[in-house]
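Remarks on the structure that follows.
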Amino acid sequence: MFRKGDFGKDFKWGITISAFQNEGAANEDGKSASIWDSFTSDIFNINDGNAPGETSGFYHNYKDDIKLTRDLGFGVFRFSLSWPRIIPDGKGRSNQKGIAFYNRVIDSCLEEGLEPWVTIYHWDLPQCLEEEGGWTNRGILQWFSNYVEIVTKAFGDRVKHWIVMNEPMTFVGLGYFTGYHAPGRNGIGNFLKAAHHATLCMAEGGRIVKKNVKNSEVGVALSCSYVKPANKLFFSRGAATRVEGLLNRFFIEPLLGLGYPTDIMPALNIIKSYFLPGDKERLAFDFDFIGLQYYFRVVAKFSLFPPVLFATEVPPWQRKTNLNSMGLDVYPKGVSALLDFFAHYQGIRKIFLTESGVCYPDFLRGDKINDARRKKYHQKVLKQVRKAIKRDIPVAGYFVWTLVDNFEWREGFQPRFGLVYNDFKTQKRSVKSSGRWFKDFLRGD
Ligand code: BGC
């Protein structure tokens, strides 16, 4: 096994949460509706049929949750800002009560000795902006820039670590291509337009953070997957290359100044029809770090559907593999290849695993939960991280997804990722054995 000290004394240990999944208080203190409030108001859009309600109640419990993070031994608290809480009409002036809430959160972090890391956008677009086309409307560049200006000026005196956006591939892919997530739109045109605008916003957001916040460190958090062909056949390998390109290369390459990886499949060239003069240069920004978020392995095979991609996933349940409670293929070793892959890009100087976690069913016995499988999962990923550091891959931190069980988007409350069990009726927290393991581990040398 490894010790904390094996990761280096400057290695950051953190917890990640997000506004929509944790705060609740959807209509309090001047907040307007987000696309997730609207989407989940239709119960058929939530797989377990439970409306988000107060989720895990962070809006009112923030002090206790921040204290709990400190008690478990973590040094970083990463949370996201709710755009509709801060700017209810999406584009105009800020709501002072929204700003005051995040001031309280930031100040509590600092009082507890935690570094606050802020994610500016974690998928909860103001619904009023979606009504004007949301991410498919180029006006989003203006709206997003205004939002970034406001939050960096409000919090930049105390917050030095900024993540402009969380997992663009997830919210653009599921929100605008397949329609599985809010706002439930689909089609290649919507996808490519939204993707281009999201990339422009990441780069522009990075520039605004640097302009407004002295000594800031700025990055983006990207999802990634370990992809394997179903077999050695030519067609399967081609399918895997396309899926991998889409999941792992699509957003990082334009940000690094390499342009969109249109070699993955010719249809991606359509994205160029949404370019305005100067966009090619505008897409690039020299981020201080990138965040990687890895949850599952994909085994790909050739398929005529969906067209354009001509690839599909071999369903994890058809293979002998370890499934999480969302039916995804849990493969901790995959993180190693992904770290090597991202570190090979010249412009990437520092990598944080800004989310890592797993959902398994938890069973409360008294007030105890023995979640040995979750603990093992983290240990296995950490073992790979430790090895990567030995290979000189610049991994600088590990942030657990997540502190307490929360609302897992379309899946509802059923998947539990927390180191701390949450009783959603009473908001009572009980630290799981995985949380206790982290506490002992982080106390060590
Ligand atoms: C997202 C989180 C989500 C987690 C687990 C990540 O894609 O950033 O919001 O809860 O995965 O599915």
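The values are calculated or read from the model by the stated rules, or taken from the named source; none is laboratory data. Quantities reported herein were computed from a predicted structural model and do not represent experimental measurements. Note: ideal-geometry Cβ built from the backbone for every residue, glycine included; neighbour counts use all protein chains shown. Heavy atoms of the whole protein, side chains included, go into the accessibility calculation; ligands, DNA and RNA do not. Shrake-Rupley method; radii C 1.70, N 1.55, O 1.52, S 1.80 Å.
A search for C-beta distances below 7 Å between a residue of region 256-269 that is farther than 20 Å from PHE177 by Cα and any residue that is in a helix (DSSP H, G or I) and open to solvent by 60 Å² or more (accessible area, probe 1.4 Å), counting only pairs 6+ apart in sequence or on different chains, returns GLY259/LYS280.
Which of the residues belonging to region 6-34 are closer than 21 Å to GLY98 by Cβ and within 16 Å of the ligand (Cβ to nearest atom)? Talk me through it step by step, then tell me what you get.
First, the residues of region 6-34 that are closer than 21 Å to GLY98 by Cβ: 16-34.
Residues satisfying the conditions are THR16, ILE17, SER18, ALA19, PHE20, GLN21, ASN22, GLU23, GLY24, SER34.
Here is a yes/no grid of residues against (1) within 16 Å of the ligand (Cβ to nearest atom); (2) among the charged types (D, E, K, R); (3) in contact with a helix residue (DSSP H, G or I) (Cβ under 7 Å, 6 or more places away or on another chain):
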site: ASP263; (1), (2), (3): no, yes, no
site: LYS272; (1), (2), (3): no, yes, no
site: LEU276; (1), (2), (3): no, no, no
site: PHE289; (1), (2), (3): no, no, no
site: GLN293; (1), (2), (3): yes, no, no
site: PHE296; (1), (2), (3): yes, no, no
site: LYS301; (1), (2), (3): no, yes, yes
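Among the residues of region 305-316, the one identified as at pLDDT 95 or above and exposed (fewer than 15 other Cβ atoms within 10 Å of the Cβ) is PRO315.
Selection over region 7-37 of residues that are open to solvent by 40 Å² or more (accessible area, probe 1.4 Å) and touching a residue at least 24 places away in the same chain (Cβ under 8 Å) gives a count of 6.
Tell me, which helices (runs of 4 or more DSSP H) lie completely within region 62-138 with 1 or more residues that are modelled with pLDDT of 95 or more and either touching a His at 6+ places or on another chain (Cβ under 8 Å) or open to solvent by 10 Å² or more (accessible area, probe 1.4 Å) (or both)? Before you say what the answer is, go through the steps one by one.
On the way: elements: 83-86, 96-111, 127-130.
So the answer is 96-111, 127-130.
Note on region 396-408: residues that are more than 8 Å from the ligand (Cβ to nearest atom) and of a type in the set (Val, Ile, Thr) total 2.
Taking the condition farther than 14 Å from ARG158 by Cα and either within 16 Å of the ligand (Cβ to nearest atom) or free of Cβ contacts under 8 Å to residues at least 40 places away in the same chain (or both), does ASP124 pass?
yes
Of PHE2, PHE58, all but one fail to be within 16 Å of the ligand (Cβ to nearest atom) and at pLDDT 95 or above; the exception is PHE58.
Which one is farthest from the chain's Cα centre (by Cα) among residues in region 345-396 that are farther than 20 Å from MET326 by Cα and among the hydroxyl-bearing types (Ser, Thr, Tyr)? Selected residue: TYR345.
Residues in region 139-181 that are open to solvent by less than 10 Å² (accessible area, probe 1.4 Å) and at positive phi: 0 in all. Within region 312-366, the residues that satisfy the criterion of being in a loop (DSSP other than H, G, I, E, B), away from the ligand (no atom under 14 Å from the Cβ) and closer than 25 Å to THR178 by Cα are VAL314, PRO315, ARG319, TYR331. Scan region 195-226 for residues that are away from the ligand (no atom under 16 Å from the Cβ), open to solvent by less than 50 Å² (accessible area, probe 1.4 Å) and not in a helix (DSSP H, G or I) and the total you get is 3.
Among residues belonging to region 272-303 that are open to solvent by 20 Å² or more (accessible area, probe 1.4 Å) and of a type in the set (A, V, I, L, M), point out the one that is farthest from ALA198 (Cα to Cα).
Applying the filter and picking the extreme gives LEU276.
One line per residue, one yes/no per condition, for (1) within 15 Å of the ligand (Cβ to nearest atom); (2) free of Cβ contacts under 8 Å to residues at least 60 places away in the same chain:
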{"position": "ALA388", "(1), (2)": "no, yes"}
{"position": "ARG410", "(1), (2)": "yes, no"}
{"position": "PHE417", "(1), (2)": "yes, no"}
{"position": "ARG429", "(1), (2)": "no, no"}
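Confirm whether ASN166 is more than 16 Å from the ligand (Cβ to nearest atom) and polar (S, T, N, Q). Criteria not met by ASN166.
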